[in-house]
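Peer 1: Below you will find the structure I want to go over with you.
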Amino acid sequence: MIMAPPLPRQPLVFDVSILQHQASIPSHFIWPDHEKPCLESPELAIPPVDFGSFLAGDPLAVSKATQLVNEACRKHGFFLVVNHGVDSKLIAKAHEYMNMFFGKQLSEKQRAQRKIGEQYGYASSFTGRFSSKLPWKETLSLRYCADNQSSDIVQEYFSNVMGENFKQFGTVYQEYCEAMNTLSLGIMELLGASLGVGREYFRDFFEGNDSIMRLNYYPPCQKPDLTLGTGPHCDPTSLTILHQDHVGGLQVFVDEKWHSVRPDPEAFVVNIGDTFMALSNGIFKSCLHRAVVNNVTVRKSLAFFLCPKLDKVVKPPNTLIDSKNPRAEESEIIAADNASAVKEGLGSSCRVLGRKRQQKNRNKRPAL
Ligand code: OGA
Ligand code: NI
């Protein structure tokens, strides 16, 4: 009997203009039953923290803010920041330019294609790999550095990789990243005050940070109950500042259950990542979370992942080490080694620090 030669395996392309006209979704996007989303989940009660009043130094506001943050971060590491001082017009522009970017033809977006093993650029679920449990989303990841030599890094990326026509995109996201840098250093003051190590300690540690800005674009999906926009993960980085639009889809795993985080365009959702968990000697938690999609509308989120400058050593201050919280592990981690572990998809080496006190159930899939 003559056998037909095997068909060449075509890489799957996540091109929404094609996928959205199909009655079902390709099996690569279907998640196993125990990981399928629950679209109706209880809301997570996360405290809104009045950031402006904290910065202004009003003693009552400072004590309230540090208490709320302390409680939330010991439990699950998520809180909301309101009265944050970031211009709402800048946030609106950052969303508007996401619509423009992701609305472009696939071939154009692929000018910024993120290559396998790389951390920055455009990625959709296909990336040429045959894989299961693919997320239903497209992303654009940008490098942001807060040192003086890199003051135009985002701007230059768009001009160099996408061309001069994309200059305005560069201007918008450069400005947005600068606002996130300022906000994240302020939040570091809040975390330092909440942990009792003083406002300057973590703020100084993250001066000159080497961070990641990620635009998450979740197209509507005809089978939202079978797939996930972002699978369950803990952020391997230090701190995430997320702005979700009005649609909603973020879920956090707390008390053995998935909880949703109600969208509030006036607020930023802040969460502790593995690296900060290590810096806090495991006292503040990095918690499992994911994003679900829907069959009606696009959902967008802007995620700024704060990461230390690459020459920093990640280890908790001595004042956070005592008999109640012994040092989780002797090894110190150089931020550069952690960054390459994250980049190569190995997850964060910071996870070894504080592991004993980490929740069970964390998924090994790296977030980045
Ligand atoms: C992430 C993430 C959640 C969201 O990008 O790491 O968890 O709501 N995103 O987009
Ligand atoms: Ni995340």
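Peer 1: Of Asn325, Pro47, Cys177, whose Cα points farthest to the positive end of the dipole of the chain (charges on the beta-carbon: +1 Lys, Arg; -1 Asp, Glu; origin at the Cα centre)?
Peer 2: Asn325
Peer 1: Quick check: net charge around Ser124, other residues with Cβ under 11 Å of its Cβ, Lys/Arg +1 and Asp/Glu -1? Walk me through the numbers before you get to the answer.
Peer 2: Values: positive: Lys109, Arg114, Lys137; negative: Asp15, Glu138.
Result for the local shell: +1.
Peer 1: With the contact rule set at Cα under 8 Å and sequence spacing of 6 or more, what percent relative contact order holds for the chain? Write out the running numbers ahead of the final one.
Peer 2: Values: 754 pairs, mean separation 73.3, N = 368.
Value for the chain: 20 percent.
Peer 1: What FRET efficiency comes out for the pair Thr182/Ser27, r = Cβ-Cβ distance, R0 = 41 Å, nearest 0.05? Please list the in-between numbers first.
Peer 2: Values: r = 45 Å, r/R0 = 1.09.
Once the sixth-power term is evaluated, E becomes 0.40.
Peer 1: I'd like the trypsin sites (Lys or Arg not before Pro) in the range 171-254 restricted to DSSP loop residues with at most 14 other Cβ atoms within 10 Å, sorted by number.
Peer 2: Working: sites: Arg199, Arg203, Arg214; in loops: Arg199.
Counting only loop positions with at most 14 other Cβ atoms within 10 Å, none of the trypsin sites (Lys or Arg not before Pro) in the range 171-254 qualifies.
Peer 1: Nearest 500 deg cm²/dmol is fine: what mean residue ellipticity at 222 nm does the chain get from its DSSP H runs of n ≥ 4 alone, each adding -39,500 (n - 2.57), divided by its residue count? Write down the numbers at each step before the final one.
Peer 2: On the way: 10 runs with 101 residues, N = 368.
Theoretical 222 nm ellipticity from helices: -8000 deg cm²/dmol.
Peer 1: Something else now. Go through the range 69-151 and name the GluC sites (Glu not before Pro) that are in a DSSP coil and have 14 or fewer other Cβ atoms within 10 Å of their Cβ. Can you show the working numbers first?
Peer 2: Working: sites: Glu71, Glu96, Glu108, Glu118, Glu138; in loops: Glu118.
Listed in order of number, the matching sites are Glu118.
Peer 1: Label Asp147 and Lys64 with points 7 Å out from Cα along Cα→Cβ: what is the distance between them in nm?
Peer 2: Distance between the two pseudo-spin positions: 4.1 nm.
Peer 1: If one computes P(r) from the Cα atoms of the range 217-264, what percent of pairs lie at distances over 12 Å? Don't jump to the answer; show the numbers that get you there.
Peer 2: Details: 821 of 1128 pairs.
That fraction is 73 percent.
Peer 1: Against the 2.2 N^0.38 Å scaling, with N counting residues, where does the range 167-319 land? I'd like the Cα-based Rg ratio to two decimal places.
Peer 2: Details: Rg = 16.4 Å, N = 153, 2.2 N^0.38 = 14.9 Å.
Ratio of Cα Rg to 2.2 N^0.38 Å: 1.11.
Peer 1: Using a Förster radius of 56 Å, what is the FRET efficiency between Asp15 and Ile321 based on their Cβ-Cβ separation? Nearest 0.05, please.
Peer 2: Values: r = 51 Å, r/R0 = 0.92.
Once rounded, the FRET efficiency stands at 0.65.
Peer 1: For each of Val296, Val62, Val261, count neighbouring Cβ atoms within 10 Å of the residue's Cβ, then give the residues from fewest to most.
Peer 2: Values: Val296 10, Val62 17, Val261 23.
Lowest count first: Val296, Val62, Val261.
Peer 1: First select every other residue whose beta carbon is under 12 angstrom from the beta carbon of Trp258; then total the charges, Lys and Arg +1, Asp and Glu -1. Write down the numbers at each step before the final one.
Peer 2: Working: positive: Lys36, Lys257, Arg290; negative: Glu35, Glu40, Glu43, Asp255, Glu256.
Net charge in that neighbourhood comes out at -2.
Peer 1: Right, something else. Relative to the Cα centre, what is the charge dipole magnitude of the range 33-116, using +1 at the beta carbon of each Lys and Arg, -1 at the beta carbon of each Asp and Glu, and rounding to the nearest 20 debye?
Peer 2: The calculation lands at about 560 debye.
Peer 1: Exposure proxy check: Cys38, Cys73 ranked by fewest other beta carbons within 10 Å? Walk me through the intermediate numbers first.
Peer 2: Details: Cys38 12, Cys73 25.
The fewest-first ordering by Cβ neighbours comes to Cys38, Cys73.
Peer 1: What does the charge count near Val82 come to, summing +1 for each Lys or Arg and -1 for each Asp or Glu among other residues with Cβ under 9 Å from its Cβ?
Peer 2: That works out to -3.
Peer 1: A further question on this structure: Provide Thr230, Thr182, Thr66, Thr237 in ascending order of the number of other Cβ atoms located within 10 Å of each residue's Cβ, fewest first. Don't jump to the answer; show the numbers that get you there.
Peer 2: Details: Thr230 23, Thr182 14, Thr66 20, Thr237 27.
Listing Thr230, Thr182, Thr66, Thr237 from fewest to most nearby Cβ atoms yields Thr182, Thr66, Thr230, Thr237.
Peer 1: Then there's this: Determine the dipole magnitude for the chain: charges of +1 sit on the beta-carbon of Lys and Arg, -1 on that of Asp and Glu, nothing else is charged, the reference point is the Cα centre, and the result goes in debye to the nearest 20. Before the final figure, lay out each step's value.
Peer 2: Working: 41 positive and 39 negative charges, 238 e Å.
Result for the chain is approximately 1140 debye, rounded to the nearest 20.
Peer 1: Would you mind telling me which residue in Leu60, Leu310, Leu183 has the biggest mean-square fluctuation in a Gaussian network model of the chain, where springs connect alpha carbons within a distance under 10 angstrom?
Peer 2: Maximum among the listed residues: Leu60.
Peer 1: Another question about this same structure. Mind checking the alpha-carbon convex hull of the chain and giving the volume per residue in Å³? Can you show the working numbers first?
Peer 2: Working: hull volume 57.7 nm³, N = 368.
It is 157 Å³ per residue.
Peer 1: Sticking with the crude label model, points 7 Å out along Cα→Cβ, report the distance from Lys257 to Glu43 in nm, one decimal please.
Peer 2: Simple spin-label model gives 1.5 nm for this pair.
Any read-out appearing in this document is the output of simple, stated calculations on the displayed coordinates, not a laboratory observation. What you see is a predicted model; the values in this text were computed from it and never measured. Every residue, glycine among them, receives a Cβ derived from its backbone with ideal geometry; neighbour counts consider all protein chains shown.
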